[in-house]
Structure formats: C-alpha cells, structure tokens
Amino acid sequence: MLIAGNWKMNLLPHEGMLLTHEICEGMKSISPEIEILICPPFTHLAQCSVIIESDDARISLGAQNCDSHEFGAYTGEISPLMLVSMGVEYVIIGHSERRVLFNESNEIIAEKCHVVLEAGMIPIICIGETLEERNAGNFEGIVREQLLGILRNEAILESILNSDIVIAYEPVWAIGTGLAADPDQAENAHKFIRSILNEYLPGQSDMIRILYGGSVKPDNASAYFAMPNIDGALIGGASLNVESFLAIAQSA
Ligand code: PGA
C-alpha cells in the first residue's frame with residue numbers, strides 16, 4: 001500500500017519542513033507495511049531529504065514533475081538527474097493539472113516517463129477522464145489512450161520490465177472538488193486499468209501499484225483501501241495537514 005502526498009504549489013519552505021518533521025514523528029504509529037511518500041515543491045526537496053535522512057524515517061521522497069531532457073538549454077526546467085542527486089525516488093508524471101494547464105500531451109508524458117525510468121526513479125503516471133468524457137461514455141477510450149501512450153513505447157516497456165511504475169487513477173472531476181469517486185466506481189476503473197497493463201506486461205501487472213486520487217479524506221479512505229485493485233492513494237488537499245494525512249495512512 002502506497003500513501004502519497006502531492007503538496008502541489010503549497011507551503012512555504014519553513015512550513016514544508018515543519019510538516020515533514022511532524023510526519024516523521026507520526027510515522028511511529030504507521031504499520032511498516034505502508035509506504036509513505038511526500039511530493040513537495042522542487043524548492044523544498046533538498047531540505048526535506050535532509051530531515052527524512054536525519055530522522056531515519058521510512059518516508060520516500062517524490063517530485064511533482066521533471067523535464068524530459070537530462071541537461072541543456074531549457075530555462076526554468078528541472079532535470080531528472082538533479083532530482084536523483086537529491087534523493088528523490090518517485091516523480092509524478094502527467095498530473096491532470098499539467099495536462100490541462102501546461103498542455104502536456106500523452107507524447108510529452110511518455111518522454112518524461114522514459115527519462116524518469118532511465119534515471120532510476122519510479123514514475124507515478126496519472127491518468128483519468130473529465131466529467132464530460134465520463135458522461136459521454138468515453139471513460140474507457142480516454143484511459144486506454146493515456147495508458148497506451150506509455151505502454152506502446154517499446155523503450156519504455158523495456159525499462160519497465162527491469163523497474164517499477166505506479167499508476168494513479170485520478171478522475172479529473174474528483175480532484176480538489178470534494179466529489180470523490182464512489183469506491184465501486186473507482187474499483188471498476190482500476191480493474192480496467194489492470195486489464196490493460198496485463199495485455200502489455202503479463203507477468204508484472206499484478207505487482208504494479210494503482211493508486212486512487214481525487215478528494216481522498218480520512219473519512220472515505222478506508223472504503224477505497226478495502227478494494228482489491230486499489231493499492232493506495234495520491235492525496236492532494238488532505239496531505240497538507242499532518243492529522244489528516246496520517247489518518248489516511250492509518251486507515252490503510
Ligand atoms: P485532492 O488532489 O486530494 O486535493 O483532490 C488529488 C491530486 O490532485 O492528486
């Protein structure tokens with residue numbers, strides 16, 4: 001079970017440090033079988049990494065994005081190699097906010113996935129449909145297309161065979177809205193996603209963690225975690241508060 005906090009563009013560095021300290025402290029009440037991941041903004045990563053190491057806490061560190069190149073004239077971008085050198089293990093790729101607000105296509109997301117894997121990190125690949133797409137009965141087509149953007153790429157598939165990926169199913173209409181998906185609806189989506197993974201990665205698909213994301217809170221989390229194909233959560237708003245984040249982790 002993987003419980004991942006996506007802080008998005010929130011918290012000043014000193015607030016992020018405090019939250020990291022509090023999570024390290026609270027880890028003592030979390031079962032060792034639960035993996036806890038925090039994904040702070042880039043500017044906080046180095047300090048968070050030092051806190052996690054000095055507390056010897058079982059917390060993994062992730063970034064929210066990275067560039068698809070290793071080095072070069074890409075003003076304002078962050079290289080996957082820079083992230084690795086700071087102790088980052090996971091990178092969120094293709095969050096719907098990046099797809100919509102920053103025009104990231106399935107092709108760009110595939111390139112990022114490839115460099116993240118090449119750098120030895122684990123991509124958390126976000127997929128999910130908008131409300132219009134769901135209402136138009138287009139859910140399966142959209143999710144399939146987003147996944148195949150990754151799985152049809154032979155170089156990526158080869159890297160995945162020797163590594164690990166995480167999928168986050170995040171229906172766009174559930175993100176930050178309080179309108180969480182019904183747990184059965186989420187389980188059906190996860191089952192569908194696993195069936196596509198199975199077509200391309202037959203020996204591996206059962207091991208790939210599929211997280212649910214979208215308005216996960218302490219009072220609804222356990223209903224998701226009871227589902228056989230839900231292997232954790234990607235949490236936005238509720239990850240900014242130590243009590244709610246740890247309460248979700250405890251319910252896992
Ligand atoms: P939310 O965000 O938990 O605030 O809905 C989830 C996400 O964007 O990953």
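The values are calculated or read from the model by the stated rules, or taken from the named source; none is laboratory data. Predicted model only: the values in this text are computed from it and were never measured. Neighbour counts run over all protein chains shown; Cβ positions are idealised from the backbone, glycine included. The accessibility values were calculated without ligands, DNA or RNA, using every heavy atom of the protein model including side chains. Shrake-Rupley method; radii C 1.70, N 1.55, O 1.52, S 1.80 Å.
Between ALA168 and ILE125, CYS126, ILE127, LEU211, the built amide H atoms are under 5 Å apart, and every one of these is 5 or more places off in sequence or on another chain. Projected over all directions and averaged, the alpha-carbon convex hull of the stretch 88-202 occupies 7.3 nm². Ordered from largest to smallest accessible area (heavy atoms of protein chains, 1.4 Å probe), the residues LYS112, LYS28, LYS191, LYS8 come out as LYS28, LYS191, LYS8, LYS112. When each of the peptides 209-218, 136-145, 52-61 is scored by how many other beta carbons lie within 10 Å of its residues on average, the order from highest to lowest is 209-218, 52-61, 136-145. Inter-part distance, the stretch 198-230 to the stretch 1-47, computed on C-alpha centroids, equals 21 Å. GNM remark for the chain: springs join alpha carbons under 10 Å apart, and the peak mean-square fluctuation among PHE71, PHE42, PHE225 falls on PHE71. For GLY5, nonlocal amide neighbours, meaning residues 5 or more places apart or on other chains whose placed amide H falls under 5 Å from its own, are LEU37, ILE38, CYS39, ILE235. Sorted largest first by accessible area at a 1.4 angstrom probe radius, with every protein chain in place, the residues MET207, MET9 fall in the order MET9, MET207.
Within the full protein context, the accessible area of LEU37 is estimated at about 0 Å² for a probe radius of 1.4 Å.
The listed residues VAL100, VAL172, once ranked by accessible area (1.4 Å probe) with the largest placed first, stand as VAL100, VAL172.
When shorter helices are ignored and each DSSP H run of at least 4 residues is given -39500 (n - 2.57), the per-residue value for the chain at 222 nm works out to -13000 deg cm²/dmol.
Bridgeable aspartates and glutamates around LYS8 (alpha carbons under 13 Å apart, same-chain partners fewer than 8 residues away excluded): GLU97.
Full extension of the chain segment joining GLN47 with MET207 gains 54.4 nm, where the gain is 0.36 nm per residue of separation less the Cα-Cα distance.
Using a probe of 1.4 angstrom and keeping all protein chains present, the accessible surface of the chain works out to 44 square angstrom per residue.
At the residue level, THR75 shows approximately 140 square angstrom of accessible surface with a 1.4 angstrom probe and all protein chains present.
Take the Cβ atoms of GLU199 and LEU131, set R0 to 30 Å, and the FRET efficiency comes out at 0.65.
Using the Cβ-Cβ distance between SER105 and ASP55 with R0 set to 30 Å, the FRET efficiency from 1/(1 + (r/R0)^6) comes to roughly 0.15. Give me the one-decimal Kirkwood hydrodynamic radius in Å for the chain, with the sum taken over alpha-carbon pairs. Taking the inverse mean of 1/r over all distinct Cα pairs, the chain comes out at 18.1 Å. Using the Cβ-Cβ distance between ALA223 and SER29 with R0 = 30 Å, the FRET efficiency computed as 1/(1 + (r/R0)^6) comes to roughly 0.90.
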